[in-house]
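Each value in this text was obtained by applying a stated rule to the coordinates, not by laboratory testing. These numbers come from a predicted model, not from an experiment. Here Cβ is always computed from backbone atoms with ideal geometry, including for glycine, and neighbour counts include all displayed protein chains.
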Amino acid sequence: MVLQEFGLLLISILTAAAGQFLLKLGALKLGRASFDNAFSHVFSILVTPELLLGLTMYGLSAVLYILLLTRVKLSVLGPAVSIGYVFSVLMGYFFFKEMITFRHLMGLSLIACGVILVVKQ
């Protein structure tokens, strides 16, 4: 993977992570879903700005990923995007006050090592 491809991969991952962040913000606005309010929640998704922007970010990330697939092997690209899990855990910790346990740290370390081994050819 050349530097230009790596940069595009990083932008795709960060765009997906931003989408996750916005979806979480929008989901918090909706409140807890249940069987009784599921229909109204689905309708509310269409009018909640954070959710719409989050879905847009996911769409942009998918477009970038497709562009990368024209240049990078799936066996490299597929595992490489899993580094986004690290960003998800960090956003959960810093923005939503979620705990990071030792088990989380070990799992994230394994993911990071795996990505390095797969991406480095």
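Between 0 and 90 degrees, rounded to the nearest ten: what's the tilt of helix 3-30 against the longest Cα principal axis of the chain?
Rounded to the nearest ten degrees, it is 20.
According to the square roots a ≥ b ≥ c of the eigenvalues of the Cα gyration tensor, what is the shape class of region 1-44, taking rounded for a/c under 1.5, prolate for a/b larger than b/c otherwise, and oblate for the remainder?
It is prolate, given that a/c is not under 1.5 and a/b is the larger ratio.
Taking DSSP loops as anything outside H, G, I, E and B, show the longest stretch in the chain free of trypsin sites (Lys or Arg not before Pro) there with at most 13 other beta carbons within 10 Å.
33-70
If you place +1 on the Cβ of every Lys and Arg, -1 on the Cβ of every Asp and Glu, and leave all else neutral, what size is the dipole of the chain about its Cα centre, to the nearest 20 Debye?
Result for the chain is approximately 200 debye, rounded to the nearest 20.
Could you list the chymotrypsin sites (Phe, Trp or Tyr not before Pro) in region 1-87 that lie in coil according to DSSP, counting only those with at most 11 other Cβ atoms within 10 Å of their Cβ?
Phe35
Modelling each spin label as a point 7 Å along the Cα-to-Cβ direction, I'd like the Leu10/Leu28 distance in nm, to one decimal.
About 2.8 nm, to one decimal.
Reachable lysines from Lys24, Cα under 19 Å, same-chain residues fewer than 8 places away excluded?
Within the straight-line cut-off, Lys24 pairs with Lys97.
Say each of His104 and Ile45 gets a label point 7 Å from the Cα, pointing the same way as Cα to Cβ; how far apart are those two points in nm?
2.6
For the chain, what does the relative contact order come out to in percent, with C-alpha contacts under 8 Å and a separation of six or more?
Once divided by the residue count of the chain, the mean separation gives 34 percent.
Which of the lysines could be linked to Lys73 by a straight reach, that is with a Cα gap under 25 Å, when you skip same-chain ones fewer than 8 residues away?
Cross-link targets: Lys120.
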